[in-house]
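Quick notes on the structure that follows.
The values are calculated or read from the model by the stated rules, or taken from the named source; none is laboratory data. Only a predicted model underlies this, so the values are computations on that prediction, with no experimental measurement involved. No Cβ is skipped: glycine too gets one built from the backbone with ideal geometry, and neighbour counts run over all protein chains shown. Calculation scope for accessible area: heavy atoms of the full protein, side chains included, ligands and nucleic acids excluded. Shrake-Rupley method; radii C 1.70, N 1.55, O 1.52, S 1.80 Å.
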Amino acid sequence: MADIKIDWHARAKSLKIDGRAFIGGVRMPAAGGQTYECFSPIDNRKLADVASCQEVDVNLAVACARIAFNDRRWAGLSPRERKQTMIRFADLLISNKEELALLETLDMGKPISASLSVDVNSAANSLRWFGEAIDKVYDEIAPTADHTLAMITREPIGVVGAIVPWNYPILMACWKIAPALASGNSVVLKPSEKSPLTALRLGDLALVAGIPAGVLNVIPGFGEQAGTPLAMHMDVDCIAFTGSTGVGKKIQIMAGQSNLKRAWCELGGKSPNIVFADCKDLDIAAAASAGSIFYNQGESCNAPSRLLVERSIKDVFVQKILAELSKYQPADPLDESTTMGALVDCGQMQNVLKYIASGKAQGAKLLAGGEQARTETGGFYVSPTVFDNVTNDMTIAAEEIFGPVLSIIAFDTEEEAIKIANDTEYGLAAAVWTQDISRAHLVAKRLRAGTVHVNSYDEDDITVPFGGYKQSGNGRDKSLHALEKYTELKTTWIRLK
Ligand code: NAD
């Protein structure tokens, strides 16, 4: 039977959106009735009035989370019981996939095909994987003297505050809540004010799955009004933050100024992608390089925004990159064939255009794009943009643009490539393209980044840690290492004789 094609525009028209907060298992407005208007970047249509949570709402959510943690309604379940509930939660994401994907696309602007095949699937996979893992993690007995038993156990940390960005809203939320919930914590999740809609549905679905009321709370709102009180809260034990480096620094300060809560920050990037002349297949390298910077409209923290190419192949490689651009032209995000959607809002589009202007002003050579697209829609689109003759001290090479802008930098030697690659305040990801196995290892070792790809850029799996060196943050999302952030290590001494 042929697939029935979904009319996403019709679905969007009939979609009912509930913008109220989710606290203590109940949808509710902000206590003071504050709301803000949430618009779609696709065409600037209004989507919903969303609760604009304030300190009083944060306090209520934290109190609910604390009560739920203290009475052990979730933490006290066996790991196997938590696992089964987490798997039901993951299944519910999949059975509600079309609605969640549509909300994500309308709210954030990414292509519906990406929301369907990547964001919702990966979010569900994160919940499922940490659920599956949690009854397979063992604690330790230390090798102490015969008359003692020393147990080293991991316990849930308590109340976790999770603050997430807008670029992969449901996925970033699940990278936090999956290991936090699997470990037995209660969570207060603050989504970005720019894309709160799927996070709110996570609250509803968690309850349906059987996660007890109060264990997961979702408080939409602005950074300073809802995020700051959460980060400053004296009864939050850990803040798991993903966002910009600037706000990450504030989060660390707030943790120190309040109760010294654990503060884990996954921050920005300006990742180098190094192509040596001995790269075996320049077509594959060009396709992966373009695909990784232009995917998600360039709004990916690990996007390879600095392309370092050995000078002897640069002109050939640049032509190959330009040939890839036709695959990433902005189009209607609700059309399943679209590969590039809208930037998240007008402010983000203006930022990107400002960076493009600075690239031109500082002498980089604009080879493609550089302008707003689809202006007739009322939405916020920018064409895939390529600058050549970039030097690493230009603003477009130094600062995170978070848009579809690629900077090409030539180099002559391996040493120079490593130096340029590491000459950044960030250290999230990097790549090396070479046929020489020794060079691949040596360069990968010397790149100061949390993830290094060799002859690829887009490998990804929930089994591996994700996070950065330097000002790209601390701590890691994904993999069993993520459990370390949401647990305390306890030593229990038992005297035997
Ligand atoms: P942002 O820092 O502006 O906001 C992130 C979150 O913090 C939002 O929920 C926001 O409301 C909140 N916030 C803002 N100001 C706050 C304050 N004073 N106190 C408390 N909370 C506050 O980032 P963004 O623009 O939403 O996201 C883009 C950034 O996220 C980029 O820098 C990107 O690289 C980064 N990012 C990093 C990763 C990673 O894993 N390292 C993943 C995705 C995105």
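P304: away from the ligand (no atom under 12 Å from the Cβ), within 26 Å of Q471 (Cβ to Cβ) and open to solvent by less than 10 Å² (accessible area, probe 1.4 Å), yes or no? Yes: the conditions hold for P304.
For region 161-198, the tally of residues that are of a type in the set (G, A, S) and within 13 Å of the chain's Cα centre (by Cα) stands at 4.
Just one of the numbered conditions (1) among the polar types (S, T, N, Q); (2) within 16 Å of the ligand (Cβ to nearest atom); (3) assigned to a strand (DSSP E or B) is not true of T492: (2).
For region 369-412, residues that are without any contact (Cβ under 8 Å) to a residue 24 or more places away in the chain, more than 18 Å from S271 (Cα to Cα) and either of a type outside the set (S, T, Y) or in contact with a helix residue (DSSP H, G or I) (Cβ under 9 Å, 6 or more places away or on another chain) (or both) total 4.
Only one of the listed residues (K327, K365) is more than 16 Å from the ligand (Cβ to nearest atom), over 27 Å from the mean Cα position of the chain (by Cα) and basic (K, R). That residue is K365.
Of the residues making up region 267-287, not one is open to solvent by less than 10 Å² (accessible area, probe 1.4 Å), over 24 Å from G370 (Cα atoms) and of a type in the set (D, E, K, R). Candidates are the residues of region 211-256 that are among the β-branched types (V, I, T) and surrounded by fewer than 24 Cβ atoms within 10 Å (Cβ to Cβ); the one that is farthest from the ligand (Cβ to nearest atom) is I253.
For the residues I157, I163, the requirement of being modelled with pLDDT of 95 or more, open to solvent by 10 Å² or more (accessible area, probe 1.4 Å), within 14 Å of the ligand (Cβ to nearest atom) and among the aliphatic types (A, V, I, L, M) singles out I163.
The C-beta contact set for region 264-275 (first residue over 15 Å from E416 (Cβ atoms) and more than 8 Å from the ligand (Cβ to nearest atom), second residue open to solvent by 10 Å² or more (accessible area, probe 1.4 Å) and among the β-branched types (V, I, T), distance under 6 angstrom, 6+ apart or interchain) comprises K270/T424. In region 215-228, the residues that are of a type in the set (S, T, N, Q) form Cβ pairs under 6 Å with partners that are more than 8 Å from the ligand (Cβ to nearest atom) and assigned to a loop (DSSP other than H, G, I, E, B), at six or more places apart or across chains, as follows: Q225/Q54.
Quick check on region 393-407. Is at least one of its residues surrounded by 21 or more Cβ atoms within 10 Å (Cβ to Cβ), over 16 Å from S289 (Cβ atoms) and over 23 Å from the mean Cα position of the chain (by Cα)? No, there is no match, as no residue in region 393-407 is surrounded by 21 or more Cβ atoms within 10 Å (Cβ to Cβ), over 16 Å from S289 (Cβ atoms) and over 23 Å from the mean Cα position of the chain (by Cα).
Return a yes/no flag: does region 195-203 have any residue that is within 16 Å of the ligand (Cβ to nearest atom) and assigned to a loop (DSSP other than H, G, I, E, B). Yes, there is a match, as at least one residue in region 195-203 is within 16 Å of the ligand (Cβ to nearest atom) and assigned to a loop (DSSP other than H, G, I, E, B).
Working only within region 371-387, note down all residues that are open to solvent by 10 Å² or more (accessible area, probe 1.4 Å) and of a type outside the set (A, V, I, L, M). Once the filter is applied, which keeps residues that are open to solvent by 10 Å² or more (accessible area, probe 1.4 Å) and of a type outside the set (A, V, I, L, M), region 371-387 yields E371, Q372, R374, T375, E376, T377, G378, F380, S383.
Taking strands (runs of 3 or more DSSP E) as the structural unit, those lying wholly within region 20-107 and holding at least 3 residues that are open to solvent by 20 Å² or more (accessible area, probe 1.4 Å) and under 27 Å from I239 (Cβ atoms) correspond to 26-28. Could you check, for region 288-296, whether at least one of its residues is within 16 Å of the ligand (Cβ to nearest atom), within 27 Å of I418 (Cα to Cα) and open to solvent by 30 Å² or more (accessible area, probe 1.4 Å)? There is at least one residue in region 288-296 that is within 16 Å of the ligand (Cβ to nearest atom), within 27 Å of I418 (Cα to Cα) and open to solvent by 30 Å² or more (accessible area, probe 1.4 Å). Taking the criterion of being over 27 Å from K16 (Cβ atoms) and either among the hydroxyl-bearing types (S, T, Y) or buried (at least 24 other Cβ atoms within 10 Å of the Cβ) (or both), the residues of region 182-208 that qualify are A182, S183, N185, S186.
Can R446 be described as open to solvent by 60 Å² or more (accessible area, probe 1.4 Å) and either under 21 Å from G363 (Cα atoms) or out of contact with any Ser or Thr (no Cβ under 9 Å at 6 or more places or on another chain) (or both)? Taking the combined requirement at face value, the residue satisfies it.
Can you pull out every residue in region 159-173 that is more than 20 Å from G269 (Cβ to Cβ) and not small (G, A, S)? Within region 159-173, V159, V160, I170 meet the criteria. A361 satisfies every condition listed in (1) closer than 19 Å to A429 by Cβ; (2) out of contact with any Gly (no Cβ under 8 Å at 6 or more places or on another chain) except (1).
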